[in-house]
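Each remark here refers to the structure printed beneath this line.
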Amino acid sequence: MQIREATAADWPAIWPFFHTIVAAGETYTYPRDMDEAAGRESWLLSPPGRTVVAVDEAGTVLGSAKMNPNHMGGASHIASASFMVAPEHGGKGVGRALGEHVLDWARTSGYRAMQFNAVVESNTRAVALWKSLGFEIVATLEEGFRHPRHGYVGLHIMYQRF
């Protein structure tokens, strides 16, 4: 697996899994009916943000991550990131590889920490992954997320200081 900068040419490969994940409404706070133009604008970031894709040896896009300052001004030393893995490529280490890549980027870019603002409590695979990479849950907004199957569930704020 290779992780490289995403280009506009990658969007047609990202959009199908982006759309599927967002429309399911189980892991992201994006509107479930987000259209392609809004999805592209929110995912393919301009500097100081950055978007990458994980690809296999054939060039197939397996997943993507975007990373950016979490705040502006006096809090711009805290990074954030978001991740999506194509469902058919889940469980193969793509999320972990993207997570490790993003953490390396944040550290080498001079950030002092990374904060995830909205990790859905019922997304137990993601919560376990982030904990295994050194994140801790610093707060949970009780009933902060309306899950389509589980009803109101917590929304974790996860943090890692470098």
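So here's what we get for this one:
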{"item": "Heavy-atom accessible surface of the stretch 1-95: percent carbon and sulfur, 1.4 Å", "result": "55"}
{"item": "Top of Arg149, Arg112, Arg32 by mean-square fluctuation, Gaussian network on the chain, Cα under 10 Å", "result": "Arg149"}
{"item": "About the Cα centre, charge dipole magnitude for the chain (Lys/Arg +1, Asp/Glu -1 at Cβ), debye", "result": "400"}
{"item": "Pairwise centroid distance, computed over Cα atoms, of the stretch 84-98 with the stretch 1-31, Å", "result": "12"}
{"item": "Spin-label zone in the stretch 61-76 - amide nitrogen under 17 Å from a point set 7 Å from the Cα of Met1 along the C-beta vector", "result": "61-67"}
{"item": "Most mobile listed residue (Tyr28, Tyr152, Tyr111) in the chain, GNM with C-alpha springs under 10 Å", "result": "Tyr152"}
{"item": "Prolate/oblate/rounded call for the stretch 43-150, Cα gyration tensor, a/c under 1.5 rounded", "result": "oblate"}
{"item": "Cα shape, the stretch 8-64, gyration tensor, a/c 1.5 rule", "result": "oblate"}
{"item": "Cα gyration tensor, the stretch 79-137 - rounded (a/c under 1.5), prolate or oblate", "result": "oblate"}
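The values are calculated or read from the model by the stated rules, or taken from the named source; none is laboratory data. Quick caveat: nothing in here was measured; it's all calculated off a predicted structure. Note: ideal-geometry Cβ built from the backbone for every residue, glycine included; neighbour counts use all protein chains shown. Calculation scope for accessible area: heavy atoms of the full protein, side chains included, ligands and nucleic acids excluded. Shrake-Rupley method; radii C 1.70, N 1.55, O 1.52, S 1.80 Å.
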